[in-house]
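Report on the following structure.
Nothing in this text is a laboratory measurement; each read-out follows from the coordinates by a stated rule. These numbers were taken from a predicted model, which means no experiment stands behind them. Here the Cβ positions follow ideal geometry from the backbone for every residue, glycine too, while neighbour counts run over all protein chains shown.
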Amino acid sequence: MCFLTNAILRGAASLATIRGRIGGNFDGKDVNLTLTGNTMQGRIGGIRLGNDLVLTISGEQIHGRLGGRVMGQDIVGRLTQHSFAGRLGGKFVGKDLELVEQNGHITGRLGGRVDGWSFDLAFDRQQGVMVGRAGGGVSGNDVNLTLTGDIAGIVVALAAGITVHYILMQKRKKNGSSGSHIHHQNFG
């Protein structure tokens with residue numbers, strides 16, 4: 001059996017889902033993912049303003065892509081039953097993501113010590129929910145995900161981490177484009 005079946009589905013049916021929302025009504029993003037075999041795939045964001053996510057797990061190695069071939073970002077890392085350590089995006093533009101699960105409580109960090117976001121999540125396998133916070137009390141995002149199937153909490157936290165990364169990318173694009181409409185006048 002592959003690692004995905006053992007750690008994520010734990011012998012349950014070969015289909016599981018992660019659905020919900022991270023962030024508020026205005027700046028948040030919907031999460032709609034399906035896990036089958038050794039693949040997690042689906043969409044983060046809406047139908048028109050979202051990105052596809054495809055992850056493949058082989059042993060403890062995870063690799064995949066958020067978005068398309070040209071404008072997307074690679075996802076690589078090491079996934080164990082209780083931890084994830086990897087990189088979202090490229091070497092220069094991307095961010096490190098580290099998550100650790102202990103008795104249903106997941107903590108971690110996306111990005112560096114100064115410019116990063118912390119994670120404080122609670123996973124309830126019986127209720128099929130993950131709730132908590134990514135980032136601080138003011139500029140952070142609420143995490144509200146529901147699950148079907150028997151999924152390891154660290155995998156759900158990984159989906160949350162990727163979603164927060166996507167939200168931050170969208171904010172950076174939005175803020176970066178605000179100065180691009182400056183008009184220069186030639187007085188010569």
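Tally Lys and Arg at +1 and Asp and Glu at -1 over the other residues with C-beta under 10 Å from the C-beta of Trp117: what net charge comes out?
With Lys, Arg at +1 and Asp, Glu at -1, the neighbours total +2.
Which of rounded, prolate or oblate describes region 3-174 when judged by the alpha-carbon gyration tensor and an a/c cut-off of 1.5?
It is rounded, given that a/c, with a ≥ b ≥ c, falls under 1.5.
Around Arg48, with a cut-off of 15 angstrom between Cβ atoms, what is the net charge of the other residues, counting Lys and Arg +1 and Asp and Glu -1?
Combined, the nearby Lys, Arg, Asp and Glu give 0.
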